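Notes for the one structure printed next.
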Ligand SMILES: NC(=O)N[C@@H](CC(=O)O)C(=O)O
Ligand SMILES: [Zn+2]
Ligand SMILES: [Zn+2]
């Protein structure tokens, strides 16, 4: 199938440019890119007034398969990803059974193959995610994992983490840390501060994260592994990572949309959809996270998509599981709160959601170029609509942004030259066609 994307503003995160260019896609590849392309054989996709990005990649999501298919499956999760504007995802290994061996990783890859959506599994760092001894890292590497992580839980024993890092370095895999000192976080359910006291809920102090960020940076420097810090939520963590980068430690970091857009204030109504790990923090933390994004301390925006069943979240705050279903709101949240408000430029967004994620998991640079694979995310900066969780393709409707009016939705997702989502032909009925945009 041949496609001609006409009239879009093409964002290049490597050249750091935004240019009005037409793009001809043929047999999965970019066949031409320049203004004024005509081709009578190609299906024309009018993307006038839209931004055309190299396909976004989410390097932190939970697809729940195998074992928790009532929360999500690889099929539903990847459909949600495509609708959310993502063209590839890396999924965490806290499945049941956990992805701590090659067989489970192979199972995930085979399931993913059937969806034809690019899924890059992350293997567990330790056996059964217990934090007691390193997993079979050679076996995981051979099965094709792109990183190692016990996400969901930290590795509390620093000596075990040291050995994981040494093996990971040998096998050239990054280690992704979920930074949480379990003794400090205890049975906390939200950020420790004024609001937790007011609500009578147990708190998780910022230090629970920061103690582990400091420790993991020290061990990364010692072992020479590449450390990627997952879901950074506090100003103190940003500071520690910034200093480590200055010293030359091989470290990258990510932040989630929810940690950038919500504070502990959101917990006031006891909405369990605001219960997430790490917890929603303070305005000062958000300010520091944004500074970190701007100055390059934080390299990536990742969703930490953590779907749960409705019944599991419909309980008292203390008993609900941690997690937010985030694949279908990440792009419009980042557009509304960062790009539209000029905190990040479209080029910077392309770095945080396409280029840097690709580099961290060892994929080729994510740029749209002639001869390259056609992975494309089109965002309509003017499309304004509310978040409607019941329309999610994800089985997880646990999202605290319900009803929020956002502008800047993904309207077309192309993977290896195939249109996987458009606003009109989406898996559920949507009101508007990309191709009819010029007639509006
Ligand atoms: N983020 C969450 O609140 N939950 C994640 C685990 C994790 O990312 O630590 C989950 O798997 O549900
Ligand atoms: Zn985590
Ligand atoms: Zn996670």
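Bear in mind these aren't lab numbers, they're just calculated from the coordinates by the rules spelled out. Keep in mind that this is a model prediction, so the values were computed, not measured. When we count neighbours, we look across all protein chains shown, and the Cβ atoms used for this are built from the backbone with ideal geometry, even at glycine.
Mean separation of Cα pairs under 8 Å and 6 or more residues apart, divided by the residue count, gives region 55-360 a relative contact order of 16 percent. Relative to one another, the C-alpha centroids of region 188-247 and region 138-182 are positioned 17 Å apart.
Full extension of the chain segment joining residue 309 with residue 116 gains 66.9 nm, where the gain is 0.36 nm per residue of separation less the Cα-Cα distance. Residues within the reach of a label modelled at residue 271 (point 7 angstrom out along Cα to beta-carbon, backbone nitrogen below 15 Å), restricted to region 327-365, are 329-330, 333.
Helix 74-83 versus the longest principal axis of the chain: what is the Cα-based angle in degrees, 0 to 90, to the nearest 10? The angle comes out at about 60 degrees. Placing pseudo-labels 7 Å out from each Cα toward the beta carbon at residue 2 and residue 250 gives an inter-label distance of 4.5 nm. The relative contact order of region 128-242 comes to 26 percent, based on Cα pairs under 8 Å that sit 6 or more residues apart.
Expressed as an acute angle from 0 to 90° and rounded to the nearest 10, what is the orientation of the C-alpha long axis of helix 206-223 relative to the principal long axis of the chain? Tilt relative to the chain: about 80 degrees.
Each part reduced to its alpha carbon centroid, region 349-397 and region 1-34 end up 15 Å apart.
Please arrange 139, 151 by counting, for each residue, the other beta carbons lying within 10 Å of its beta carbon, fewest first.
On the way: 139 15, 151 24.
Fewest-to-most Cβ neighbours within 10 Å comes out as 139, 151.
Taking every DSSP bridge with both residues inside region 55-360, close to 5 percent are antiparallel.
For the pair residue 43 and residue 283, a Förster radius of 45 Å applied to the C-beta separation gives a FRET efficiency near 0.45, rounded to the nearest 0.05. Calculated mean residue ellipticity at 222 nm for the chain: -7500 deg cm²/dmol, from DSSP H runs with n ≥ 4 weighted as -39500 (n - 2.57), summed, divided by the residue count and rounded to 500.
Once the Cα atoms are used to define both axes, helix 102-115 deviates from the longest principal axis of the chain by about 30 degrees. Length available on full extension from residue 197 to residue 404: 0.36 nm per residue minus the Cα-Cα distance, which gives 71.8 nm. The translational diffusion coefficient of the chain, from Stokes-Einstein at 25 °C and 0.890 mPa s with a Kirkwood hydrodynamic radius over alpha carbon pairs, comes to 113 µm²/s.
A crude spin-label estimate for the pair residue 139 and residue 342, with each label 7 Å from Cα along the Cβ direction, gives 5.6 nm.
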